[in-house]
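Remarks on the structure that follows.
The values are calculated or read from the model by the stated rules, or taken from the named source; none is laboratory data. None of the values given here were measured: they were computed from a predicted structure. Reconstructed Cβ throughout: ideal geometry from the backbone, glycine too, with neighbour counts over all protein chains shown. Note: areas computed on protein heavy atoms with side chains; ligands, DNA, RNA excluded. Shrake-Rupley method; radii C 1.70, N 1.55, O 1.52, S 1.80 Å.
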Amino acid sequence: MTKLKIKRRRESSAPGETELIIEAGRTEKNYWQDIWRYRELFYFLAWRDILVRYKQTAIGVAWALIRPFLTMVVFTVVFGRLANLPSDGVPYPILVFSAMLPWQLFSTALSECSNSLIANANLLSKVYFPRLVVPTSAVVVSFVDFAISGIILVALMVWFAFVPSWRIITLPLFTLIALAASMGVGLWMASLNVQYRDFRYIVPFLVQFGLYISPVGFSSSIVPAQWRLLYSLNPMVGVIDGFRWSILGNEASIYWPGFALSTSLVVLLLVSGIWYFRKMERTFADVI
Amino acid sequence: MSDTVIRVENLGKKYIIGHQQQERYTALRDVLANKAKGITQLFNPKPSKRPNPSLEEFWALKDVSFEVERGDRIGIIGRNGAGKSTLLKILSRITEPTNGRISIKGRVASLLEVGTGFHPELTGRENLFLNGAILGMDRTEIRRKFDEIVAFAEVERFLDTPVKRYSSGMYIRLAFAVAAHLDPEILIVDEVLAVGDAQFQKKCLGKMEQVGQQGRTVLFVSHNMAAMRSLCSRAILLNQGHLTEDSNVENIVAKYLAEEDISEAVVKWDSQTAPQSSEIRFIRAYILDNQGDYASLLDCRKRFQIAVEYEILKPLRDLRIGFFMQNLEGVAICGSNDPMAWTEPAREPGRYVSQCDFPGYVLNAGRYSVYFGADIPPYTKLLVSTPYCLSFTVEDVEGHGLLNEKLPGVVRPNLNWKVNYLVHT
């Protein structure tokens, strides 16, 4: 902290240190600067959640592989074999898994994020820090699972001798959009959850429901063209299409107007989520 | 040079308390239901806006103003619900004030709870880092102090054991050790010293004194008056959200002991509800301090009196009125009765009072409760008895040893010691 302290001293105009003002309704000027100062805490909270995630489990991190893998198998059998849906010319398991990855990222990040404040209620009511640290670090934890289950995708590609095109390098961009989507929805849910515990039940339902209305088990190309823009109102449609475009290199798998709509919705969700969170966070300690 | 580090001006904090809701959080259903009610009222404007009867404003703090100079060690004293914790929470930015303004210069660390954020699944080492980060230390700082913290907590052997396997003592020691090694410019501490065994408490108090002597600014909340007197130079007294006094610690401690809530020190029964039989009816019971005032907070050095008033309804021979006292842990402390005090064998109908004087230096610090009873020969069964109706707290304001710990046991005699020289070896 010494380095930081020196810096803060230099910044202040008055002799001595910076002066902190606490007042009703005062949105702190240096909120974002504070978030940077509390990056250590952010790091430690994420580290704690990762450490704890698979403690006292027999197979540990393998869970991060098994769950998406089994879901992929079921989806391949149900949608690919039984329903015989088109696979746009790629092996069905890869089609499913390229959507499974962002969906898992979104759904775990969303659930973790919306429960994060409640789960850390003791911290919120006993220690000060910018509250945004908590949901953000929760999202990071699900990113670790995402990275691990990425191994399955690589394995599938090797198995089916599938070579991705140059577009694979755009994958981080789509990953960011997926994270932004889960953050956006998650922040809304987290702040609402503090006040209304109803959202504890809404979120799992939302996640379960979303799995079927998002193009995870099938390609969104089966959606009739005139409905695709409407379908893209689901922000995950843009993300999943983007993932498929990037991984499978299939031009047909993305519908750009729809992608633009989905992405702007994600941005809107994220911005409004942060706005609502900031608005509510002052009262978190009192109502949690 | 006046060097104010904390300036609090007209601070207020309002809570809305619900009377019917059980949960602390609102359920969406209630909000929707209330909104719906609002809409129906919109169409039916007859009943004008009236405050929701189930909600009530409650000012946990009101118009609190004070200043803290650099290096001050300030005690915040008050009863439960006086607003001490709310004040600390606002100062540590956990919750926002409703009105007023605070300006703080310098890095603040607050310690409102020991072991905040400890995770049972993580090992001692991991928790140490986590807790350090939560309290505002960074990794290099924690690494630098790591050995010192571990040595203070005396948990070297269990560093790599999950804390869920720790005994509660070890857990608390580790938690406090992290907190004790913070070095902020301003330290805010809430009642955290009341943890651990006596020996560890001593160590913690020592550490706190050390922090104070390094010229740091400390704000300290405790119900332990002896600790307060040894740690703080100045104190503020809060009463139901108002700052009633700001002065040196001795004055405030005396004030605090004097202004206590006397509702537990007096009990009065009306003729219907009073404990009674066909022979006798209890009227009133109370505790008086050495000044003759009702008191439920007593100084262990001073004498006090327990008294009960009753009405005898028919002539009784050899009546005995007595009391029984136990402490908070349910340990029987003593019992006594008054037969020797009334010299004639019979008592005529009428009102009486039986008073029992306790000398100073009898009861040790602690909390006690008392009930009364009456019996007549052959003294095998009580005629009537009251429930536990009086409670009082004895405070030991003297403090013992360097660190003002509580003396062991339930009695607190003032004993004389002598040391004689026997043989030179």
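Details
- Mean separation of Cα contacts under 8 Å, 6 or more apart, over the residue count of the range B:248-322: relative contact order %: 30 percent
- B:SER167 accessible area, 1.4 Å probe, all protein chains in place, Å² to nearest 10: 60 Å²
- Among beta bridges from DSSP that stay inside the range B:280-425, the antiparallel ones total about 95%.
- Enclosed volume per residue, in Å³, of the convex hull spanned by Cα atoms of the range A:182-270: 94 Å³
- A 1.4 Å probe, protein heavy atoms only, puts the accessible area of A:ILE35 near 40 Å².
- The distance from the alpha carbon centre of the range B:279-331 to that of the range B:373-396 is 8 Å, rounded to a whole number.
- Summed residue charge, Cβ within 11 Å of B:GLU121's Cβ, Lys/Arg positive, Asp/Glu negative: +3
- Of interest is the spacing of the C-alpha centroids, which for the range B:62-91 and the range A:202-236 amounts to 55 Å.
- Legend: mean number of C-beta atoms from other chains within 10 angstrom of residue C-beta atoms, peptide B:117-123, equals 4.
- The figure for A:TRP188 is an accessible area of roughly 70 square angstrom, using a 1.4 Å probe on the protein chains alone.
- Whole-Å distance, taken between Cα centres, linking the range B:203-267 and the range A:71-144: 51 Å
- In chain B, the DSSP-assigned H stretches of four residues or longer account for a calculated mean residue ellipticity at 222 nm of -7000 deg cm²/dmol, using -39500 (n - 2.57) per stretch and the full residue count as denominator.
- With only Cα atoms counted, the range B:325-425 has Rg and Dmax values of 19.8, 72 Å.
- Short-range pairs are left out: with C-alpha atoms under 8 Å and at least six residues apart, the relative contact order of the range B:136-258 is 17 percent.
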